[in-house]
1. So who's got an amide H within less than 5 Å of the one on D361, skipping anything under 5 residues away but keeping other chains? H placed 1.01 Å off N, in plane.
2. Report, by chain and number, residues whose modeled amide H sits under 5 Å from the one on R426, excluding near sequence neighbours (fewer than 5 apart, same chain).
3. Taking the Cα-to-Cβ direction at Y238 and at R391 and moving 7 Å from each Cα, how far apart do the two end points lie in nm?
4. Describe numerically, in nm with one decimal, the distance between label points set 7 Å from Cα along Cα→Cβ at T123 and at L174.
5. Give me a comma-separated list of calculated 3J(HN,Hα) values for the range 205-211, in order, Karplus coefficients 6.51, -1.76, 1.60 applied at θ = phi - 60°, integers in Hz, x for any Gly or Pro.
6. Per-residue HN-Hα couplings for the range 65-70, Karplus 6.51 cos²θ - 1.76 cosθ + 1.60 at θ = phi - 60°, whole Hz, x for Gly and Pro?
7. Within the range 71-107, list the residues whose amide N lies under 20 Å from a label point set 7 Å along Cα→Cβ of S130.
8. Based on alpha-carbon centroids, what's the gap between the range 371-433 and the range 82-145 in Å, whole number please?
Amino acid sequence: MSSIVSKNTLLILVLPCLLLLSLRSSVADDTPADTLDKARNITDGNRLVSSGGSFTLGFFSPAGVPSKRYLGIWFSVSEDVVCWVANRDHPLTDTSGVLVITDTGSLLLLDGSSRVVWSSNTTTTAASGSSVAQLLDTGNLVVTDRGTGNIVLWHSFDHPTDTLLPGMKIGKNLWTGAEWYLSSWSSATDPSTGKFRYGTDTKSGVPEDVLWEDNMTIYRTGPWNGQWFSGIPEMGTYSNMLTYQMTVSQSEITYGYVAKSGAPLSRIVVTDVGVVQRWVWEPNTRSWKNFFQGPRDLCDDYGKCGAFGMCDAGAASTSFCSCVKGFSPASPSAWQMMKDTSGGCRRDTALDCGNGGINTDGFVVVRGVKLPDVHNATVDMRASLEQCRARCLANCSCVAYAPADIGGGGAGSGCIIWADGLNDLRKVDGGQDIYVRSVNSELEEVPLCYGTTISPVDLHIVKVATGNFAQDNLIGYGGFGVVYKN
């Protein structure tokens, strides 16, 4: 009799435990494959997969380094392309890692001894205690508080590693001082933070993207011109797939892009060797196509030809640097065979402006370039190009001007004025025009003399001669007006 009671007692004790395990298993089974909550942990070998199947979160080892394990997000169609790494600077040394979410909404990566290897450091805590993490089909891992209307507590897009996906942004929050930038891997098999950074430079009035090695600028895209970065006109060729977003407001200066409906997967990555690349997935060949990379050639090396120097990658290897019209090498011997061109160029003849006489200075149009470094420039987005010219002509410190926005058609609008050497100037197919201040003798025009009687010319003849005042026929601006070629 006592044996029967003992067995019944044991059965009563075991059944609730089995029921609890059954319920937990049922809850875990009901949890979507893209979601992490209190009922589910992610251990090594388990994964989250976004609802559309585009992205996967799990543990991985870089090629050839099986002893190190990382928690990351990668493209499901290309598992070797990892776009985000949580514990990039603190690898696990075995497969005991586990990702959990706390009641307050923090993600914790624990090792086999339950020590925290990485934390999301969520600053906003969940009030309801029902926080969940979900891997979206954008590649963004988002933590929300479902008990308070799905308020976002943390998301991985705010903490980029080496890859910029559609919907992400780089730049600066002007209110908090927070910055978003890409940082390279240390090597192709080491995700730890490398020495190259890529971000949006917010120190000037017109933003541009810059690649730094440590704290030294090694490449810049050229300033944003309302359509694309002036040094990357190729951006226009794949605008059918992407929409570019440059935000300049009181709260932030950021750059990002979003994919249009039906667009293939794409990414921007800064590599461990200091190259920024844009890749697009081609489903037909199941491979990545490189649409652009920078630096693309020696002329993209920052300041290759120095101040007022022009770099042309299509020129011979012994003459890729030249000087803007009206300038000559500051150190001719150093320029021989292009040994050292960093000293740039100096003006051949002093300008009239500021010399006490009549100002007969004008402007030479330099066509098809990546606009120079804008750190020494001032910007007025409200000015017209004619107003920009007048301001530059009246300011003896102004050495050049250009439109800040080419999106409205014509010659553009807005005004960028440079008051120092033009640095990092290069030829670019489909590039912009810049108007460089020059002495009258360098202008391709015959100046009129006061008191000379000039016979009137029929307007129709002038229109024919100038191609109806076409911008392509514009040579420059003199002290007496606009100059066209015939």
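1. Close amide H contacts, sequence-distant or interchain: D352, C353.
2. C311, K370
3. About 3.5 nm separates the two model spin labels.
4. 1.9 nm
5. In residue order, the calculated couplings are x, 10, x, 8, 8, 9, 9 Hz.
6. 10, x, 7, 10, 10, 10
7. 101-107
8. 47 Å
Here, each number is a calculation from the coordinates, and none is a lab measurement. Predicted, not measured: the structure shown is a model, and the values here were computed from it. With ideal geometry, Cβ positions are generated from the backbone for all residues, glycine too; neighbour counts draw on all protein chains shown.
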